[in-house]
Amino acid sequence: DTETTGLDSRDDRVIELGGVELVNRFPTGRTFHHYINPQGRAIHAEAQSVHGISAADLAGKPTFAEIAEEWLRFTEGAKLVAHNATFDIGFLNVEFGRLG
């Protein structure tokens with residue numbers, strides 16, 4: 001699951017990324033969660049009203065670049081299941097694209 005600064009993956013940033021591992025539809029206890037510093041990108045008021053995450057909450061948190069490898073290890077070989085997957089995958093693709 002992602003939370004973002006807004007709705008435009010080209011201009012907005014992922015500010016929360018989480019996942020829960022399931023095997024045969026049951027949680028294994030293995031999880032992933034990080035709040036992510038949007039590196040100066042403001043959080044749109046509409047987005048903040050949905051997720052409740054403020055700029056102050058993200059101060060001192062890692063950047064996407066700093067958590068990217070951990071996310072890739074967590075999801076390696078997995079089939080991803082997400083609510084509104086097109087939105088989440090779109091943002092993640094852009095974030096990884098920014099890394100080069």
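The values are calculated or read from the model by the stated rules, or taken from the named source; none is laboratory data. Given the structure is predicted, the values throughout are model-derived calculations rather than measurements. No Cβ is skipped: glycine too gets one built from the backbone with ideal geometry, and neighbour counts run over all protein chains shown.
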Quiz item: Which number in (1) farther than 19 Å from Gly97 by Cβ; (2) in contact with a Pro (Cβ under 9 Å, 6 or more places away or on another chain) marks the one condition that Asn24 misses?
Solution: (2)
Practice problem: Only residues that are among the hydroxyl-bearing types (Ser, Thr, Tyr) and within 16 Å of the chain's Cα centre (by Cα): list them for segment 4-28, please. | Solution: Thr4, Thr5, Ser9
Quiz item: From the residues in segment 29-48 that are within 13 Å of the chain's Cα centre (by Cα) and of a type outside the set (Val, Ile, Thr), which one is surrounded by the most Cβ atoms within 10 Å (Cβ to Cβ)?
Solution: Pro38
Quiz item: Would it be correct to say that Glu3 is modelled with pLDDT of 95 or more and exposed (fewer than 12 other Cβ atoms within 10 Å of the Cβ)?
Solution: no
